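Note sheet for the following structure.
The values are calculated or read from the model by the stated rules, or taken from the named source; none is laboratory data. Because the structure is a prediction, the values reported are computed rather than measured. A quick note on method: Cβ atoms are made from the backbone with ideal geometry, for glycine too, and the neighbour counts reach across all protein chains shown.
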Amino acid sequence: NAGVMQNPRHLVRRRGQEARLRCSPMKGHSHVYWYRQLPEEGLKFMVYLQKENIIDESGMPKERFSAEFPKEGPSILRIQQVVRGDSAAYFCASSPPRRGAYTDTQYFGPGTRLTVL
Amino acid sequence: EDKVVQSPLSLVVHEGDTVTLNCSYEVTNFRSLLWYKQEKKAPTFLFMLTSSGIEKKSGRLSSILDKKELFSILNITATQTGDSAVYLCAVVYAGGTSYGKLTFGQGTILTVHP
């Protein structure tokens, strides 16, 4: 059973370009979460999605960032017009459909390390 | 403001030592607490705790939650160099618009020397 898949693992962009990060959840998981880890900081929640729905985007910057989880295909985190401060590790996590507390566990992918030059 | 605070921030020990990592939280609408181990990649799941006083064990690792005092501890006995990592605790909210997201502490960096 494959774990959470993320690609690319490393992404280099110049200021002003767009970054697209992809996440495929574990098989059977319908909930996807994106987190950002800035250098020397902890993991910070960005957005929580289910298929075709954004459930909670309270951690997303108001501009330049967007996320989707279409009916078919991976979840995408898009960052437009990247700036140096966007350089970070972006982790995706997934969890199964909610049926009690045991489904609270989120399983993380390997992350995408974004470097903005 | 909701907070998850871990201590110590870093810890250096020798192989064979026992360590205790702490996680305290001040959150509204607590549902469960998770512990993760992060090496140079994805956080890997260790434990989920929902009930006070019930110890979870996995090999040399164990954890317990105190919902009255709002903290959890992670114990590692007979440490090995492979235990060197950042240990993260995170809180899950029970409902409302925050349902589902994890709020992480800043992590404890554990270094185990041979």
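Structure notes:
- Condition check for residue B:40: charged (D, E, K, R) and more than 30 Å from residue A:112 (Cβ to Cβ): no
- Taking the range B:5-24 as the range and being more than 28 Å from residue A:44 (Cα to Cα) and touching a strand residue (DSSP E or B) at 6+ places or on another chain (Cβ under 8 Å) as the test, the residues that pass are B:13, B:14, B:15, B:17, B:18.
- Test: residue A:113 is away from chain B (no Cβ under 11 Å) and either touching a residue at least 60 places away in the same chain (Cβ under 8 Å) or over 13 Å from the mean Cα position of the chain (by Cα) (or both): no
- Filter pass, residue A:95 being small (Gly, Ala, Ser), modelled with pLDDT of 95 or more and surrounded by 18 or more Cβ atoms within 10 Å (Cβ to Cβ): no
- Residues that are hydrophobic (A, V, I, L, M, F, W, C) and in contact with a Leu (Cβ under 8 Å, 6 or more places away or on another chain) within the range B:46-70 comprise B:46, B:47, B:48, B:49, B:54, B:61, B:64, B:65, listed in sequence order.
- Any hit, the range A:64-82, residues being away from chain B (no Cβ under 14 Å), surrounded by 21 or more Cβ atoms within 10 Å (Cβ to Cβ) and out of contact with any Phe, Trp or Tyr (no Cβ under 7 Å at 6 or more places or on another chain): yes
- Contact map, the range B:14-41: first residue more than 11 Å from chain A (Cβ to nearest Cβ), second residue among the charged types (D, E, K, R), Cβ cut-off under 6 Å, separation 6 or more or different chains; pairs are B:26/B:3; B:27/B:2.
- Strands (runs of 3 or more DSSP E) lying entirely in the range A:18-61 (those with 1 or more residues that are surrounded by fewer than 22 Cβ atoms within 10 Å (Cβ to Cβ) and free of Cβ contacts under 8 Å to residues at least 12 places away in the same chain): A:53-56
- Residues that are surrounded by fewer than 17 Cβ atoms within 10 Å (Cβ to Cβ) and over 11 Å from the mean Cα position of the chain (by Cα) number at least 1 in the following strands (runs of 3 or more DSSP E) confined to chain B: B:3-7, B:10-14, B:19-26, B:30-38, B:43-49, B:56-58, B:61-66, B:108-113.
- Number of the condition not met by residue A:70 [criteria: (1) under 24 Å from residue B:90 (Cα atoms); (2) without any contact (Cβ under 8 Å) to a residue 24 or more places away in the chain]: (1)
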